[in-house]
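S.K.: Just dropping this structure here.
FYI, it's all coordinate maths here, none of it is from the lab. The structure displayed is predicted, hence computed values, not measured ones. All Cβ positions, even for glycine, are placed from backbone atoms using ideal geometry, and neighbour counts span all protein chains on display.
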Amino acid sequence: MSRYRIAWLPGDGVGQEVMECARLVLDALEVEADYIPGDIGWEFWKQEGDALPQRTIDLLHTTDCALFGAITSKPKEEAARELAPELQDKGLVYFSPIVRLRQLFRLHTNLRPCKAYPGNPLNYKDNIDLVIFRENTEGMYGGVEFHPLPQEVYDVLVKHNPKMKKFESAGLDNIAMSTRIMTRQGCENILTRAFEFARKTGRKSVTLVDKPNVLRETGGLIRRVAKEVARKYPGIELWESNIDAMCMWLVKNPEKYDVIVAENMFGDILSDLAAQLVGGLGFACSANIGDDYAVFEPTHGSAPKYFGQHKVNPIAMILTAKMMLDWLGETEKADRLERAVADVIREGQVGTYDMGMNNTNLEVAGAIAGKLR
Ligand code: IPM
Ligand code: MG
């Protein structure tokens, strides 16, 4: 029997291609794993009205972790229009399966390293090496949203906050509300993980990014918790920045940052920005980590227009597989894989179109696998 059971979730579009590439390197590393395919993605939404069928959730419960490719997702109305005829008008609502997985499996920590590998022609600067800790289940992704605004919600909010009165004239039908809910536990967890990581990897600062001057309650809470947690790590400095300023600082001095902590939505935005500094989404790997389960996914989407052309960069997916190996405790294999990726980038002989070359993703993966054998 293999050592690990890994759920294999290619999903949509180029997700399938880059997973093929991941498989090439995992096989070259001789990871002792069974890869069990699971149904997830747009096809299942269209045919069954559920992009993450229950059978897939059941399957994941029998595995150690999941490797995930990419998913097509569309806004509510557009998604509903693409349902099979017999599913139309049943009130089915599309939810992003990756967001659902994060909630269902309590994958509270989204880890997004952004590292400039030397020789990558797309590096904005060569000395960038930062890691984003994105809170992954709370904030604006908590799913507490309303439209129209229910009367009882309105009443409670008005009683709590007379400033809401100005919205009354709009009419409840005309008010849409999405909430940002944060808990002390959620804040403590993400901050502790970030500081622990900084301590273990010898990094000197942790930067909390939020907007407490405007979002005073949620922003205030995470800020207070950050100061409490920081006290337990005397060797590591706590820096703070507002999200808007941070976008500027990251473009100006990205090399100054070590570990960045942000709530869900701000972390989402920052991680795309930071990814672009080290080559773009073709290099952006990520891990959704819970207490006893994890789902690993490249940050890029399913890029339907490129599907079938084998042209999208597989490195994000391959570095994602590296994160999975780390999480499984296979650190020797993880290190070897990262070195192989770094070597191929440095040598500059093979690369996908985004890197100014014209190899297929299978060729890039093949070159990386070649270094592992
Ligand atoms: C990401 C993506 C997702 C998110 C989308 C696809 C729901 O942008 O993982 O960064 O917003 O978290
Ligand atoms: Mg995103």
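S.K.: Using packing as a proxy for protection, rank 316-324, 255-263 so that the peptide with the highest average count of other Cβ atoms within 10 Å comes first.
M.R.: Going by the mean number of other Cβ atoms within 10 Å, highest first, we get 316-324, 255-263.
S.K.: Taking 2.2 N^0.38 Å as the expected size of a compact globular protein, what ratio does the Cα radius of gyration of the chain give against it, to two decimals?
M.R.: Relative to the rule-of-thumb radius for its length, the chain sits at 1.03.
S.K.: Mean separation of Cα pairs under 8 Å and 6+ residues apart, divided by the residue count of the chain: what relative contact order is that in percent?
M.R.: 23
S.K.: Let me ask something additional. Only sites in a loop by DSSP and with at most 16 other Cβ atoms within 10 Å count here; which trypsin sites (Lys or Arg not before Pro) in region 60-144 make the cut?
M.R.: Listed in order of number, the matching sites are K90, R106, K125.
S.K.: Something else about it: Send over the Kirkwood Rh of region 148-247, from the inverse of the averaged 1/r over different Cα pairs, rounded to one decimal Å.
M.R.: It works out to 15.9 Å.
S.K.: DSSP loop trypsin sites (Lys or Arg not before Pro) in region 156-239 with at most 15 other Cβ atoms within 10 Å of their Cβ, which ones?
M.R.: K204, K232
S.K.: Right, next: What list of ³J(HN,Hα) values in whole Hz, one per residue of region 309-322 in order, does the Karplus curve 6.51 cos²θ - 1.76 cosθ + 1.60 (θ = phi - 60°) give from phi, with Gly and Pro shown as x?
M.R.: 9, 6, 10, 6, 4, x, 5, 4, 5, 5, 5, 5, 4, 4
S.K.: Between E78 and I181, what's the calculated FRET efficiency when r is the beta-carbon distance and R0 is 35 Å? Round to 0.05.
M.R.: Computed FRET efficiency for E78 and I181: 0.85.
S.K.: For E228 and T201, what does the FRET efficiency come to when R0 = 22 Å and r is the distance between their Cβ atoms, rounded to the nearest 0.05?
M.R.: 0.50
S.K.: Here's another thing I want to ask about it. Rounded to the nearest 20 debye, what is the charge dipole size of the chain about its Cα centre when +1 sits on each Lys and Arg Cβ and -1 on each Asp and Glu Cβ?
M.R.: In total the dipole reaches around 1260 debye.
S.K.: Grab the Cα-Cα distance for Q54 and L362, subtract it from 0.36 nm times how many residues apart they are, and report the gain in nm with one decimal.
M.R.: Between Q54 and L362, full extension yields 107.7 nm more.
S.K.: Grab the Cα-Cα distance for D272 and M164, subtract it from 0.36 nm times how many residues apart they are, and report the gain in nm with one decimal.
M.R.: Difference between extended and current length: 35.5 nm.
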